[in-house]
Each structure stands twice: as structure tokens, then as C-alpha cells.
Amino acid sequence: MKMSNDKKKELLLKNFDVIKEDCEGNGKSLGSAVKKMFKLDRQTAVDMWEYLLSTHEDYIRSNGSYYVTADIVYSMSDELGESQIGDIIINSRILKNALFAQSYNVWAQVNLVTYYIITDKLQIADELLALLYSNSYKEDSWYEVMDRVIPESDADITSEAYELFEIWCDKVKNDKERAKLSIKTMEFVD
């Protein structure tokens, strides 16, 4: 069945408004609505996403928040590309803060940090790492975050990116974990 984009948008907004106050009971549907809206109207999707993340702070800090946080980041990275979804997030104070400094599920956001490192946008990567580091709600340990941030050994990174790894890996408190990260980053040294 064919439906016009305007009709789809109207239907999404109508249903989003009905369930938006109960993020805990409707997280999957709300996340799906945001992802569908991204295909129709990016600014409206951003507005919807900002509303969810700013209105339901306790929820995004909990285990069940995957569908309105990491799942949207991951899906939109595939759909729009990391550059576009990254730009959307870093240009929204609400999204950036909620997704990096308050979210329980951060693995998809960590992938964005890796993207910024590989593309040599180190100031952005450093800012996002600082937000992740300050996030006391994240499920992952700092070691797990840094282990995921470090790209595959075939990535071409700059000496400045290597220095950024050193700075943030040094914040891992466990000596053995820090040693494993150091060995992993040696892949980038000639």
C-alpha cells in the first residue's frame, strides 16, 4: 500500500504524541518512530529525539533505554553515515550531552568517537571522550570504552591520534587493562 510522505509524517507524529510520556513502556516504538521520521524529515526527527532524551533522563540512564539511545545512533549511522549522524548529534547540545554523558548504553556512541579519530577530527573526539569519561551511568567500564574506541590495526591514524589514545588510556585504573590497551595501540607504531 502506498502512502504519501506527508501522511506518514502525520501518522508518526500523532502516534508519537500518544505514547511519548511513557518511554519505559514504549521505548522500542518510540525509537522506531524517531528512526522512521529521520527518513521523512530530519529536523522533526531530531526534535522528537531531543524531546525523549530531555524528558526521560532517568530512563536513558537505565538498562532499558537501548531503543531510544544506542539503537538510534547505530541505525542512523548505517542509514545516513557516521558523518551525518555525528554532525546531527554534536550540533545538538541536548543529544550530545544525553547520549555521551548520561546514557547507559554507549557502545554505538563509542563507534562515533572512533570515526572522528580515524577522520582526524581529534578535537571532537576528545570532547566526546571527556563526556563519556564523566558518564557515571554508562554500562561499560572505561577500559571497555577505550578498547572499543581504538580502531582496527589497518586504520591509518596520525601521531596526534596516538597521543590522544595515550592520554585517555592512562585513565584506566587497572594496570593489566591499561597494559592491554597499550599493547593494542602499539599496532599503530612503526
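We did not get these values from a lab; they are worked out from the coordinates using the rules stated. Since the model is a prediction, treat every value here as computed from it, not as a measurement. Glycine also receives a Cβ, built like all others from the backbone with ideal geometry; neighbour counts cover every protein chain displayed.
Is region 119-190 rounded, prolate or oblate when judged by the Cα gyration tensor, a ≥ b ≥ c being the square roots of its eigenvalues, rounded requiring a/c under 1.5 and prolate requiring a/b larger than b/c?
oblate
Testing the spin-label approximation: label points 7 Å from Cα along Cα→Cβ at Ser54 and Asn91. State their distance in nm.
That separation, rounded to one decimal, is 1.7 nm.
Can you give the three extents of the C-alpha atoms in the chain along their principal axes, from longest to shortest, in whole Å?
The principal-axis extents, from largest down, are 57, 30, 26 Å.
Using 0.36 nm per residue of separation minus the Cα-Cα distance, give me the extension gain between Tyr137 and Glu10 in nm, one decimal. Mind dumping the intermediate values first?
Values: separation 127, 0.36 × 127 = 45.72 nm, distance 3.48 nm.
Length difference between fully extended and current span is 42.2 nm.
With +1 on each Lys and Arg Cβ and -1 on each Asp and Glu Cβ, how big is the dipole of region 1-86 about its Cα centre, in debye rounded to the nearest 20? Write out the running numbers ahead of the final one.
Values: 12 positive and 15 negative charges, 97 e Å.
That gives region 1-86 a dipole magnitude of about 460 debye.
Label Leu40 and Glu166 with points 7 Å out from Cα along Cα→Cβ: what is the distance between them in nm?
That separation, rounded to one decimal, is 5.2 nm.
Ranking Ile150, Ile167, Ile60 by Cβ neighbours within 10 Å, fewest first, what do you get? The partial results should precede the final answer.
Working: Ile150 20, Ile167 10, Ile60 24.
Ranked by crowding around the Cβ, least crowded first: Ile167, Ile150, Ile60.
Region 68-94 to region 1-20: how many Å between their Cα centroids?
That distance is 21 Å.
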